[in-house]
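Here the structure comes first, spelled out in C-alpha cells, and everything after it is commentary.
The values are calculated or read from the model by the stated rules, or taken from the named source; none is laboratory data. Because the structure is predicted, anything quoted here is derived from the model rather than measured. Heads up, the Cβs are rebuilt from the backbone with ideal geometry, glycines too, and the neighbour counts pull from every protein chain shown.
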Amino acid sequence: MRRLSGVVLAGALLMVPAFSQSAAVYAQAPQKLTMEGDLALWSVAIRPDKTADYEQILGKVKEALGKSAAPEAKQQLAGWKVLKMSKPMPDGNIIYTHVITPVAGADYNILQVLYATFTDPAEQKSLYDLYRGAFAANLGISSGGIAADLSK
C-alpha cells in the first residue's frame, strides 16, 4: 500500500507543473495578428449557410474601426477590403479573401478588433458565437513586398 501511495504522490507531483503551465497559457493575452509588407492576402473559408453572419461580423469590424480611438484604426479601415468568391469550393464553403494594405503593428485579429470597441461581455459573446458559427477554416495569409507593379 505504501508503494502505491508513493506512486500516486509522485504522479501527482509530476502533474502539478503541467496544470500550472496550462493555467498560465490561458491567462496570457490573445496573440496579435499583425501583417507586414506592402500587401497582405488572408483567405478564410466560411460555411455556405453562414455568409450573412460573416458579413454581419465584417460590418461590425468596420463599425469598430470607425469608432476606435487607436491612431492606426482609420488606416486599417482605409486599407482593408474583402473579396467574396463567386463560386463555392468543392466542400461547399465560400472563400473570403481579405485584401489588406498592412499598417505596421496593427492588430488584425477580428475578435480583438471587435472586443476593443464592444466591451459588454454579453455582446462580446454574441459576436464570438456569430463569428465562430460562420468560420470553417483559416486557409492562410500571404504578405510581403510588391515584386512588380504591372500598372506602372
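Restricting the first residue to region 38-57 and requiring it to be assigned to a helix (DSSP H, G or I), which pairs with a second residue that is among the polar types (S, T, N, Q) and buried (at least 16 other Cβ atoms within 10 Å of the Cβ) meet a Cβ separation below 8 Å and a spacing of at least six or different chains?
Taking only residues 6 or more apart or on different chains, the pairs are PRO48/ASN93.
List every residue pair whose Cβ atoms sit under 9 Å apart, with the two residues 6 or more apart in sequence or on different chains, where the first one lies in region 126-152 and is under 27 Å from ALA52 (Cα atoms) and free of Cβ contacts under 8 Å to residues at least 12 places away in the same chain and the second, anywhere, is part of a helix (DSSP H, G or I) and of a type in the set (S, T, N, Q).
Close Cβ pairs satisfying both conditions: none exist.
Specify which of the listed residues (ILE94, ILE146, ILE100) is among the β-branched types (Val, Ile, Thr) and in contact with a helix residue (DSSP H, G or I) (Cβ under 6 Å, 6 or more places away or on another chain). I'd like the intermediate steps shown before the answer.
Working: ILE146 fails: in contact with a helix residue (DSSP H, G or I) (Cβ under 6 Å, 6 or more places away or on another chain); ILE100 fails: in contact with a helix residue (DSSP H, G or I) (Cβ under 6 Å, 6 or more places away or on another chain).
One residue alone meets the criteria, ILE94.
Is region 108-118 home to any residue that is loosely packed, with under 13 Cβ neighbours inside 10 Å and out of contact with any Ser or Thr (no Cβ under 8 Å at 6 or more places or on another chain)? First the steps, then the outcome.
At the first step, the residues of region 108-118 found to be loosely packed, with under 13 Cβ neighbours inside 10 Å are none.
Checking region 108-118: not a single residue is loosely packed, with under 13 Cβ neighbours inside 10 Å and out of contact with any Ser or Thr (no Cβ under 8 Å at 6 or more places or on another chain).
Counting only residues that are part of a loop (DSSP other than H, G, I, E, B) and touching a Ser or Thr at 6+ places or on another chain (Cβ under 7 Å), which one in region 60-105 is nearest to GLY144 (Cα to Cα)?
Filtering first and then ranking leaves PRO102.
If a residue has to be touching a residue at least 24 places away in the same chain (Cβ under 8 Å) and more than 17 Å from the chain's Cα centre (by Cα) to count, how many in region 64-90 make the cut?
Within region 64-90, residues that are touching a residue at least 24 places away in the same chain (Cβ under 8 Å) and more than 17 Å from the chain's Cα centre (by Cα) number 9.
Checking ILE100 against (1) exposed (fewer than 11 other Cβ atoms within 10 Å of the Cβ); (2) at pLDDT 95 or above, only one condition comes out false. Which one?
(1)
Looking at region 59-77, can you tell me whether even one residue there is crowded, with 18+ Cβ neighbours inside 10 Å, under 22 Å from ASP49 (Cβ atoms) and not charged (D, E, K, R)?
First pass over region 59-77, keeping only residues crowded, with 18+ Cβ neighbours inside 10 Å: 60-61, 64-65, 73, 76.
Now restrict to residues that are under 22 Å from ASP49 (Cβ atoms): 60-61.
The next check asks that each one be not charged (D, E, K, R); those that pass are 61.
Yes.
Go through region 49-99 and give me each residue that's of a type in the set (Phe, Trp, Tyr) and either closer than 15 Å to GLN112 by Cβ or touching a Lys or Arg at 6+ places or on another chain (Cβ under 6 Å) (or both). Let's see the steps before the verdict.
Quick first cut of region 49-99, residues of a type in the set (Phe, Trp, Tyr) only: 54, 80, 96.
Within region 49-99, TRP80, TYR96 qualify.
Among the residues of region 106-152, count how many are among the small types (Gly, Ala, Ser) and either outside any loop (DSSP other than H, G, I, E, B) or in contact with a Cys (Cβ under 7 Å, 6 or more places away or on another chain) (or both). Even if it seems obvious, please write down each step before you answer.
Just the residues of region 106-152 that are among the small types (Gly, Ala, Ser), to begin with: 106, 116, 122, 126, 133-134, 136-137, 140, 142-145, 147-148, 151.
Now narrow it down to the ones that are either outside any loop (DSSP other than H, G, I, E, B) or in contact with a Cys (Cβ under 7 Å, 6 or more places away or on another chain) (or both): 116, 122, 126, 133-134, 136-137, 140, 142-144.
Of the residues in that region, 11 qualify.
Tell me whether region 50-72 contains one or more residues that are among the hydrophobic types (A, V, I, L, M, F, W, C) and at pLDDT below 95. Even if it seems obvious, please write down each step before you answer.
First, pick out the residues of region 50-72 that are among the hydrophobic types (A, V, I, L, M, F, W, C): 52, 57-58, 61, 64-65, 69-70.
Filter once more, keeping what is at pLDDT below 95: 69-70.
For region 50-72, residues among the hydrophobic types (A, V, I, L, M, F, W, C) and at pLDDT below 95: present.
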